[in-house]
Amino acid sequence: MMTLLPEYLDFVQKARNGCEIQGFWPINRLKRLLELVQSDEGNIEAELVFDQQGRQKVITGHASASLKLTCQRCTQVMDYPLDIEFKLALISDESHADRIPDDCEPFLLTDDRMSLPELLEDEILLAMPLVAMHEHDCSDYLLMQRKQEQEEVESAAEKENPFAALKDLL
Ligand SMILES: [Zn+2]
């Protein structure tokens, strides 16, 4: 069973000792992500490996979640399966960013203990689509919706007629 991820960790110490962390973090506790999703239900599930690559301390991670986004084509809420992998090189100074392994992104340590959910949220936000859209062509849905609206307008117009007729009788 998945457990709640720890919030604050000493990333350097974890990488030095080497460790693997698995768990979940509720979407409703990630404020920046919340602004982009249509539902605050569900969790981010993540596995993170802290270790060293030579002398470089690295975090290798995988995170997944099912997010609810608004399709920019038909404006309906859609399921967006988020699945990301990342590899971060821990650096204590921004000037070290060019010395990290090629397959890593720099992660700047600003404190002894860093927030794991915040790290995940950063990575998720980077991976979010700029424009979310259904994979299938949902423009049919739009047409159908417009047609339905049109029919509703027409049937509403028809319903007015009996009253008009009744009015003539009075
Ligand atoms: Zn759509």
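Derivation of every value follows stated rules applied to the coordinates shown; laboratory data play no part. Not measured: the values here are computed from a predicted model. Quick reminder, even Gly has a Cβ in these numbers, built from the backbone with ideal geometry, and neighbours come from all protein chains shown.
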The chain: Cys lacking any partner C-beta under 4.7 angstrom | 19, 71, 104
Helix-only [θ] at 222 nm, the chain, -39500 (n - 2.57) per DSSP H run of 4+, per residue, nearest 500, equals -10000 deg cm²/dmol
Any chance you could count the Lys pairs in the chain whose alpha carbons are under 20 Å apart, treating pairs 8 or more apart or on different chains as valid?
-> 6
Mind checking the angle between helix 139-169 and the chain's longest principal axis? C-alpha axes, 0 to 90 degrees, to the nearest 10.
-> 30 degrees
What FRET efficiency, computed as 1/(1 + (r/R0)^6) with R0 = 22 Å and r the Cβ-Cβ distance, is obtained for residue 110 and residue 32, rounded to the nearest 0.05?
-> 0.85
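Treating only the Cβ of Lys, Arg, Asp and Glu as charged (+1, +1, -1, -1), what charge dipole size does the chain show about its Cα centre? Round to the nearest 20 debye. Present the calculation step by step, with values, prior to reporting the outcome.
Details: 16 positive and 34 negative charges, 63 e Å.
So the dipole magnitude of the chain works out to roughly 300 debye.
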One can check that the equivalent ellipsoid of the chain, built from the alpha-carbon gyration tensor with semi-axes equal to the square roots of five times its eigenvalues, has lengths in Å, largest first, of 53, 16, 13
Residue 7 versus residue 125, label points 7 Å from Cα toward the beta carbon: distance in nm?
-> 1.8 nm
Which order do peptides 66-72, 150-156, 133-139, 3-9 fall in by mean Cβ count within 10 Å, highest first?
-> 66-72, 3-9, 133-139, 150-156
Longest principal axis of the chain (C-alpha) makes with the long axis of helix 116-127 (C-alpha) an angle, in degrees to the nearest 10, of 60 degrees
Relative contact order (percent) for segment 8-136, with alpha-carbon contacts under 8 angstrom and 6 or more residues of separation?
-> 24 percent
